[in-house]
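Reviewing the structure listed below.
Rule-based calculations on the coordinates, nothing more; no lab input. Since we're looking at a predicted model, the values are computed, not measured. Don't worry about glycine lacking a Cβ; one is built from the backbone with ideal geometry, like all the others, and counts go over all protein chains shown.
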Amino acid sequence: MLKINRYKYSPAAVVFFTIIGIFILSLLLKSKIIDLISFPLKISSNWTSDIRALVAYKFIADENVRLNAQLAGAANDAIAFDELRQENERLKKLLSLKKEPSFVTVAAEVIARDPNNWSTGVIIDKGQRQGIKAGNAVIAASGLSGRITEVYSYTAKIMLLGDTDSSVSAIIQRTREEGLISGTISGAVQMRYLDKDSDVAIGDVIMTSGLTRNYPAGLPIGMVIKVKDDPQGLGKYCLVRPFVDSRSVEEVLVITGSK
Amino acid sequence: MAMYYLKLAIFISLLALLQISIIPQIWFFKVKPDLLLILAMLIAMNAKSLAGGIIPAFCAGLLKDIFGLHFFGFNGLLMAFSAALVYGIFHFLNKEAKGIKFFVIILATFMNYIVLTIISGKPYIFLCFPEAAVNCLFLPCLEGVYNFFTSRPPVCRGGVHRLCA
């Protein structure tokens with residue numbers, strides 16, 4: 001008579017092998033899970049935006065009045081700016097300077113945010129199928145936002161400027177001094193490695209220098225809000241308020257190349 | 001039993017969606033609650049077996065890792081470890097002691113950040129204080145939803161509950 005041996009496993013072994021199994025499975029299916037979940041996330045993201053808009057209706061109405069007044073004042077500036085731009089183009093043509101490349105961008109919507117408090121990232125609804133690659137720079141309406149770290153078929157993850165692992169080479173627009181923009185634990189942004197006798201001042205605008213791969217030069221990053229001496233006494237560093245608020249970023253442009 | 005785990009899986013998935021989409025947008029403070037950590041600890045506190053405590057906690061942590069930026073598997077392993085610890089602690093301590101659940105949540109949050117600080121070499125430990133406070137704030141609410149969702153009666157208080165008497 002055939003006897004089937006019944007093995008009895010200890011609970012610890014069962015837990016161990018189940019965990020290993022789930023881990024491998026999730027590693028293999030990670031991209032599929034994120035792509036699959038992007039649809040409900042997109043719906044919930046739109047829904048949440050609508051609710052927020054309703055809650056902040058009064059604030060938005062006041063802001064609209066203020067911005068309309070600002071826009072009227074800016075109309076004259078726009079005409080002057082256009083005049084200067086045309087003059088600049090004419091002069092560049094005369095000097096036979098190479099025309100600055102314009103970017104090829106993919107517009108995307110933020111559908112999810114990092115679940116951890118110790119990292120700053122978002123997930124967008126565009127991915128490999130739209131030509132996005134890991135390392136691509138990401139901009140929002142008012143400046144640099146971050147870079148693509150992981151790409152899936154229909155979604156991608158962005159590491160925002162405030163993340164501790166994020167670093168971009170940058171220059172101070174006024175003094176042309178170079179430094180490194182990086183995130184801090186509190187999610188703030190700072191510019192490090194400035195000279196001890198640096199002329200940096202509160203209100204200076206920081207821009208990308210173009211030295212970091214994939215980050216084109218001249219993208220606005222933020223404004224200096226505080227200047228401090230380095231704890232080691234070797235130089236200075238400054239706290240920067242980014243032009244793009246990482247907490248409220250909703251739409252972004254991914255720079256996939258240049259024309 | 002299968003129904004319980006199915007409900008739990010749905011609850012974990014819903015909470016993960018809440019954690020990455022709605023909570024970051026409606027929560028006005030800088031430090032947001034870690035709903036999945038709270039849930040993992042609640043599961044461990046109510047688990048009938050070691051596997052029943054660890055595996056759901058591991059899955060909840062892994063979901064966090066899937067949507068997070070760094071260290072794939074970090075949250076999964078850490079939550080599984082925390083769940084094992086909590087399951088063990090709850091066998092020795094008085095489950096009904098006042099504030100024990102808050103103590104467990106604070107302990108799990110602290111452990112999370114201590115390990116993170118050691119692994120990354122960055123002083124993330126400062127973040128654990130506000131997060132522990134926010135997690136404690138959300139614990140009673142999430143516990144109510146957890147009990148309702150998984151259709152488990154409230155924990156028996158020494159036989160005085162009518163379901164346990």
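Using a 10 Å cut-off on Cβ atoms, rank the peptides A:25-32, A:135-142 from the highest mean neighbour count down.
Ranking, from highest mean packing down: A:135-142, A:25-32.
Residues of segment A:23-57 with the amide nitrogen closer than 20 Å to a label point 7 Å from the Cα of A:R129, along Cα-to-Cβ, please.
A:29-46
Only helices at least 24 Å long along their axis, Cα-based, and averaging -0.5 or more on Kyte-Doolittle count here, so list those DSSP H runs from chain B.
Long hydrophobic helices here: B:50-67, B:74-92, B:100-120, B:128-149.
What ranking do B:K30, B:K101, B:K64 get, fewest neighbouring Cβ atoms within 10 angstrom at the top?
If I rank by nearby Cβ atoms, fewest first, I get B:K30, B:K101, B:K64.
Treat the count of other C-beta atoms within 10 Å as a stand-in for reagent exposure and order A:K92, A:K259, B:K32 from fewest to most.
A:K259, A:K92, B:K32
For chain B, modelled as a Gaussian network with Cα springs under 10 Å, which listed residue fluctuates most, B:G73, B:G88, B:G121?
B:G121
Project the alpha carbons of chain B onto their principal axes and report the range along each, largest first, in whole Å.
Largest first, chain B extends 51, 31, 29 Å along its Cα principal axes.
Quick one: which residues, 5 or more positions from A:I111 or on another chain, have an amide H under 5 Å from its amide H? H modelled 1.01 Å from N in the peptide plane, none for Pro or chain starts.
Here the answer is A:I123, A:I124, A:D125, since their amide H atoms fall under 5 Å of that of A:I111.
Cross-link partners among aspartates and glutamates for B:K101, C-alpha distance below 14 Å, same-chain residues fewer than 8 apart left out?
Cross-link targets: B:E143.
If neighbour count is taken as other Cβ atoms inside 10 Å, put A:E150, A:E83 in order from fewest to most.
A:E83, A:E150
Report, in debye and to the nearest 20, how large the dipole of segment A:191-259 comes out about its Cα centre when Lys and Arg carry +1 and Asp and Glu carry -1 on their Cβ.
That gives a dipole near 140 debye.
If you take the beta carbon distance between A:Y193 and A:R213 as r and set R0 to 22 Å, what does 1/(1 + (r/R0)^6) give as a FRET efficiency, to the nearest 0.05?
So the FRET efficiency works out to roughly 0.75.
Which of the trypsin sites (Lys or Arg not before Pro) found in segment A:171-218 are loop residues per DSSP with 14 or fewer other Cβ atoms within 10 Å of their Cβ?
In loop regions of segment A:171-218 (DSSP not H, G, I, E or B), the sparsely surrounded trypsin sites (Lys or Arg not before Pro) are A:R174, A:R176, A:K196, A:R213.
Determine Rg/Rh for the protein assembly as shown; Rg is computed over alpha-carbon atoms and Rh is the Kirkwood hydrodynamic estimate from the same atoms.
With Rh from the inverse mean 1/r over Cα pairs, Rg/Rh is 1.05.
Nearest 10 degrees is fine. How inclined is helix A:57-94 to the longest principal axis of chain A, computing both from alpha carbons?
60 degrees
Give the longest segment of chain A that steers clear of chymotrypsin sites (Phe, Trp or Tyr not before Pro) in DSSP loops with at most 10 neighbouring Cβ atoms within 10 Å, not counting the sites themselves. Please report the intermediate quantities before stating the final value.
Values: sites that count: A:Y7, A:Y9.
No qualifying site falls inside A:10-259, the longest such stretch.
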